[in-house]
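> What follows is a single structure, and I will ask about it in a moment.
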Amino acid sequence: MNIDLKAEAITPRRHTFSHIARRFGVDKPASRYEEATFDVQPMVNFHYRPTYSPQFELYDARRTRIVMNDWYVFRDPRQFYYASYNISRAAMQQSFDDAVNFVEKRDLIASVDPAWRDLFAAWLLPLRHVEWAANMNCQLIADWGFGTQITSAAAFCGADRLGIAQVISRIGLLLGQGTESALKDAKTQWLEADVWQPLRRLVEDQLVVHDWFELYVAQLIVLDGYIYPLATGAFDRAGAAHNGAPLSMMTGFLGDWYADNSRWTDAVIKAAAAESDANRIILGEWFERWSARAEEAVRPIGAMVLGAEGDAAVDAAGARLRERMIALNALEAREMAA
Amino acid sequence: MTPRKMSLKQKYGAYTRGLDWKPTYQREDDVFPFAKYEGIKIHDWDAWEDPFKLTMDAYWKFQAEKERKLYAVIDSMAQNNGQLGITDARYLNAVKLFIQGVTPLEYQAHRHFAHLARHLPGAGLRVAAQMQSIDELRHCQTQIHTISHYNKYFDGIHDFTHMHDRLWYLSVPKSFFDDATSAGPFEFLTSISFAFEYVLTNLLFVPFMSGAAYNGDMATVTFGFSAQSDESRHMTLGLEAVRFLLEQDEANVPIVQGWIDKWFWRGYRLLSLVGMMMDYMLPKKVMSWGEAWETYYEQAGGALFADLARYGIREPKYADVAKAEKGHMTHQAWGIFYNYTHAAAMHTWDIDEAHMAWLREKYPDTFAQHYEPRYRKWREQAEEGKRFYNNGLPQLCQVCQIPMAFTEVGDPNTISFRVSEHGGDRFHTCSDGCKDIFDHEPEKYAQAWLPVHQIFQGACGGATLPEVLDWYHINQGADNMDYAGSPEEEQWNRWMEGRRPVVPVAAE
Ligand SMILES: [Fe+2]
Ligand SMILES: [Fe+2]
Ligand SMILES: [Zn+2]
């Protein structure tokens, strides 16, 4: 283009959208995250009630018991919008691919103590079904949640959970030497083995919860708050004595992902709790109800992997989760004694 | 035993539907409570063939690469004053219509494909729906980021979500999408994935994207191109989903046919905004609405419905009306906007001689006889300083919500007008197509939030026009009124002064 205009001749007339300037109280440039999320969801003047739930509007804050004056206080510290999310996950996936290729090329799985390898398959592979349910739960939050800030992050988390389920599946194909046998065995365990039934019951019970914020607490805080620390902590460490390092290389991304996701879930819980005592009471109620269930559900899995030390590992995960909720001001410290 | 190598299909199955199981602690009907109430019968969800076998790892990598390229263009557009490269400031009105009317629909599509991703009982379809869900979020967000730059210089863009929830002409796209998202999951698939994304998509996106290309809007062109691979997945999903419904049970055929009839007409009425944009708002024209309709609907749609005939599906009802109206529809729509530009967040303008010549050529049977005289009269009025604005409030169609200005087929001097009774009230519709839709679900359409009714009821900021416009967040004297005399015109002329010849509208 061959236009030399004086700079002042092309001065912007405004710096961002009006709805964002109203939030800032001033018209100043906004970030891509802010422009992509603030106030994007339609708020009023819906034309028809949903035929599948006529008691609600199409987007309706009353779909949860949590009450917020402004639903745009759930800022994602990662500031994910679609582009930054995908670029981040492409990189995360690449590091997993590199690890698996490294292990596969050198046939490192053959060097793992076979008993540990089988135990590893027994605890890791059924978890892909838990991830699949987590995916469905995130879709429900993206569907019925309120405000683009939380629903878009939930949609990304849902995509993460499908991706994690697929990564675990890929490990399963590797453990099955290129066949589905290990995945099929794991699914049979998931459906039938006693050790998995309390967890499967819990997961199916979550699938009929319609309060999306309750599901947020039940899945993303509580259930993830038990499973991820165990899988990436005590379970992983138990493999060290059995030359489990190649397997740890492949599951290392789980810990990275959980740390990343927790930055977001911490921010959400903190904001909801800071809003009101009423919210804090509801969050506490949900936390107690679902953590009691989760603790009971993971206990047999802890025992399967860690034997006599399983209970202590589960208790430690529960205690850490409770401390986290207290630090976010979502639980009273005195409840620790209970 | 040597392990047998898994086929791609088996592998993809392991990565998707292999994750799923039949619940036993909860009833399946409680886990998927919305799968049966529409009357659609699915006997075997496993019969669903995944049309594209995309795993998340491939998705992330592919999409990340596209985003890197797209944002490089968006950045350079901002750094290099890309807005100076467009043909004429009037072009921006197409962009305004797009961000006010279409971008919010991308967002709603995102949310509702998440609904399908949660609530369809078939695991294969759930996976396809969730990829589309985040694709649509992508479209919404990349459109905001692209158009954000124009917002810094041009009017009518600055409060698009607020306006989408309120403005009279934006209730046309909003009610269209609310209609789909308030329906059951199978009607949604038929309406959005099939009727909209498959049958009518070329009439929505192609005109906007080619319009951008012809008019120097490189940023919009880039996001349009970048969305193409997403859209081809969406189209495939729409076609395969409808085939699947038709194949599962014969009893599904009449239900799906009813939805095709309804959503064809709903989509067609929505497209009157796009047709008007094509024929009137692009300084450099791509093709006329009439030509686009012939190519993308009459020919392509004809072949599609011939193919679906083996399931017992026929062409949508009232396709003949759309064909008969194609020489009139866009001129009548432009007339509405010209009349009510004082209440719109975009501009309209005098149709100059070159543009009239183009319209005469494209619409030889209708334009000179019925519409040219009207424009000449409006020009005279404007030259006398009495630019015509209609200060009354129009009656809106209860279904499509377009002001009642479309005429009877074969009688361009008579406004088409239908009446239905429901619950002791009278409801007005613009056409047999809209009346059928109303009569089939009167409880639903009686609920519609009609902007004009709402103004009369005092729900829109006050009883006077300036109060209503404030409530709309229209910057009066900048966002609205004729292009002639607007701040945008002044700015554009200042930018272009001595730099380049003013592009005559309709130059080709
Ligand atoms: Fe889209
Ligand atoms: Fe699409
Ligand atoms: Zn109508």
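> Any chance you could check the Cα centroid distance between region A:130-175 and region A:260-338 for me, in angstrom?
If we compute the Cα centre of each part, the gap is 21 Å.
> Evaluate peptide B:26-33: per residue, the Cβ atoms of other protein chains within 10 Å of its Cβ; return the mean as an integer.
For this peptide, the per-residue mean of nearby foreign Cβ atoms is 3.
> How large is the accessible surface of A:THR188 in square angstrom, using a 1.4 angstrom probe and rounding to the nearest 10?
70 Å²
> May I ask for log10 I(q)/I(0) of region A:51-95 at q = 0.14, 0.28 Å⁻¹, from a Debye sum over the Cα atoms as equal point scatterers with solvent left out?
Each listed q corresponds, in turn, to -0.62, -1.00.
> Let me spell out the model: positive unit charges on the Cβ of Lys and Arg, negative unit charges on the Cβ of Asp and Glu, origin at the Cα centre of region B:60-496. What dipole size does that give, in debye rounded to 20?
In debye, rounded to 20, region B:60-496 gives about 560.
> Please give the direction-averaged projected area of the C-alpha convex hull for region A:76-154, in square nanometres with one decimal.
Taking the Cα atoms of region A:76-154, their convex hull projects to 6.9 nm² on average.
> Kindly sort B:HIS149, A:HIS210 by accessible area of their heavy atoms, largest first, with the probe set to 1.4 Å.
So the residues, ranked largest to smallest area, are A:HIS210, B:HIS149.
> List the pair-distance distribution P(r) of region B:358-508, using every Cα-Cα distance, as the percent of pairs falling in each 5 Å bin from 0 up to the bin containing the longest distance, rounded to whole percents.
Calculated over all Cα pairs of region B:358-508, the distribution is 2, 7, 10, 13, 14, 15, 15, 12, 7, 3, 1, 1, 0 percent.
> Treat each spin label as a single point 7 Å out from the Cα along the C-beta direction, and report the A:ASN69 to B:ILE415 distance in nm.
If labels sit at A:ASN69 and B:ILE415, their model points lie 4.7 nm apart.
> Can you check what the Kirkwood hydrodynamic radius comes to for region B:171-289, Cα pairs only, in Å to one decimal?
For region B:171-289, the Kirkwood estimate is 15.3 Å.
> Moving to a separate point now. With only Lys, Arg, Asp and Glu charged, each at its Cβ (+1 for the first two, -1 for the last two), find how big the charge dipole of region B:1-55 is about the Cα centre; round to the nearest 20 debye.
With Lys and Arg at +1 and Asp and Glu at -1, about 420 debye.
> From the Cα trace of chain A, what convex hull volume per residue do you get, rounded to a whole Å³?
Residue-normalised Cα hull volume stands at 192 Å³.
> Here is a further query. Across region B:49-61, in residue order, what do the Karplus-derived ³J(HN,Hα) couplings come to in whole Hz, using 6.51 cos²θ - 1.76 cosθ + 1.60 with θ = phi - 60° and x for Gly and Pro?
My calculation for region B:49-61 gives 9, 5, x, 9, 9, 9, 8, 4, 4, 5, 4, 4, 5 Hz in order.
> Along the principal axes of its C-alpha atoms, what lengths does region B:337-382 span, in descending order and rounded to whole Å?
Answer, in whole Å and largest first: 32, 20, 17 Å.
> Can you give the direction-averaged projected area of the convex hull of the alpha-carbon atoms in the protein assembly as shown, in nm²?
About 37.7 nm², averaged over all directions.
> Between B:ASP320 and A:SER95, what FRET efficiency comes out of the Förster formula 1/(1 + (r/R0)^6) with R0 = 56 Å and r the beta carbon distance, rounded to 0.05?
Once rounded, the FRET efficiency stands at 0.45.
> Tell me the net charge near A:PRO246. Cut-off is 13 Å between Cβ atoms, A:PRO246 excluded, with +1 for each Lys or Arg and -1 for each Asp or Glu.
Computed value for this residue: -1.
> Would you pull out the residues with amide H under 5 Å of B:HIS422's amide H, same chain only if 5 or more places away, H placed 1.01 Å from N?
Hits under the 5 Å cutoff: B:PHE427.
> Continuing with the same structure: As a test of understanding, state the convex hull volume per residue of region B:82-227 from its alpha carbons, in Å³.
Cα-based convex hull of region B:82-227, divided per residue, equals 101 Å³.
> Hey, what's the per residue convex hull volume over the C-alpha atoms of region A:253-338, in cubic angstrom?
Looking at region A:253-338, the number lands at 93 Å³ per residue.
> State, to one decimal in nm, how far the label point of B:ASN391 lies from the label point of A:ALA308, with both points 7 Å from Cα in the Cβ direction.
9.4 nm
> Label points 7 Å out from Cα along the Cβ direction at A:LYS28 and A:ALA9: separation in nm?
3.1 nm
> Another question, if that's okay. Two decimals is fine: what's Rg over Rh for region A:189-338, C-alpha atoms, Kirkwood radius as Rh?
Here the Rg-to-Rh quotient is 0.98.
> Okay, moving on. List, in order, the whole-Hz ³J(HN,Hα) value for each residue of region A:30-46 obtained from phi through the Karplus relation with A = 6.51, B = -1.76, C = 1.60 and θ = phi - 60°; use x for Gly and Pro.
Taking θ as phi minus 60°, the curve returns 10, 6, 4, 4, 5, 5, 7, 10, 4, 6, 6, 5, x, 10, 9, 6, 6 Hz for region A:30-46.
> Next up: Using only DSSP helix segments of four residues or longer, with each worth -39500 (n - 2.57), what per-residue ellipticity at 222 nm results for chain B after dividing by its residue count and rounding to 500?
Rounded to the nearest 500, the figure is -16500 deg cm²/dmol.
> What order, most packed first, do the peptides B:25-35, B:106-116 have when packing is the mean number of other Cβ atoms within 10 Å of each residue?
Ranked from most to least packed, the peptides come out as B:106-116, B:25-35.
> Picking from A:VAL112, A:LEU127, B:ALA47, whose Cα lies most toward the positive end of the charge dipole for the protein assembly as shown (charges on Cβ: Lys, Arg +1; Asp, Glu -1)?
Final value for the positive-end residue is A:VAL112.
> Given the protein chains as shown and a 1.4 Å probe, how many square angstrom of A:LYS184 are accessible, to the nearest 10?
Accessible area of A:LYS184: about 120 Å².
> How many percent of all Cα-Cα pairs in region B:39-137 sit more than 17 Å apart?
69 percent
> Turning to a different aspect of this structure: If you take the alpha carbon radius of gyration of chain B and divide it by 2.2 N^0.38 Å, what ratio comes out, to two decimals?
Here the Cα radius of gyration is 1.01 times the empirical estimate.
> Another question, if that's okay. In the Gaussian network model of chain A, springs joining C-alpha atoms below 10 Å, which of A:ALA122, A:ALA272, A:ALA30 carries the largest mean-square fluctuation?
The residue with the greatest mean-square fluctuation here is A:ALA30.
> Order of A:137-144, B:399-406 by packing, highest average Cβ count within 10 Å first?
A:137-144, B:399-406
> Here's something else I'd like to know. Report, as an integer, the average count of C-beta atoms from other chains found within 10 Å of each Cβ along B:149-158.
The shielding value for this peptide is 4.
> Rg and Dmax of region A:99-235, Cα atoms, in Å?
Cα only, region A:99-235: 16.3, 50 Å (Rg, Dmax).
> Same structure again: Can you list the lysines whose alpha carbon is less than 22 Å from that of A:LYS184, not counting same-chain residues fewer than 8 positions off?
B:LYS5, B:LYS9, B:LYS11, B:LYS22, B:LYS53
> Now for a separate question. List the GluC sites (Glu not before Pro) in region B:316-387 that DSSP assigns to loop (not H, G, I, E or B) and whose Cβ has at most 14 other Cβ atoms within 10 Å. Which are they?
B:GLU384
> What pairs from B:LYS96/B:LYS284; B:LYS41/B:LYS174; B:LYS323/B:LYS435; B:LYS41/B:LYS444 go past 26 Å between their alpha carbons?
Over 26 Å Cα-Cα: B:LYS41/B:LYS174.
> Just A:GLU295, A:GLU204, A:GLU131 to compare: in a GNM of chain A, with alpha carbon springs under 10 Å, which one fluctuates most?
Answer for the Gaussian network model of chain A: A:GLU204.
> Also, I was wondering about something else. Per-residue counts of other Cβ atoms within 10 Å, averaged by peptide: what ranking do you get for A:311-318, B:281-288, highest first?
B:281-288, A:311-318
> Same structure, new question: Could you tell me what % of all Cα pairs in region B:281-381 have separations over 21 Å?
The answer is 45 percent, as a whole percent.
The values are calculated or read from the model by the stated rules, or taken from the named source; none is laboratory data. Since the structure is predicted, the reported quantities are computational estimates derived from the model, not experimental observations. Virtual Cβ from ideal backbone geometry, glycine too; neighbours counted across all protein chains shown. With ligands, DNA and RNA removed, areas are computed over all heavy atoms of the protein, side chains included. Shrake-Rupley method; radii C 1.70, N 1.55, O 1.52, S 1.80 Å.
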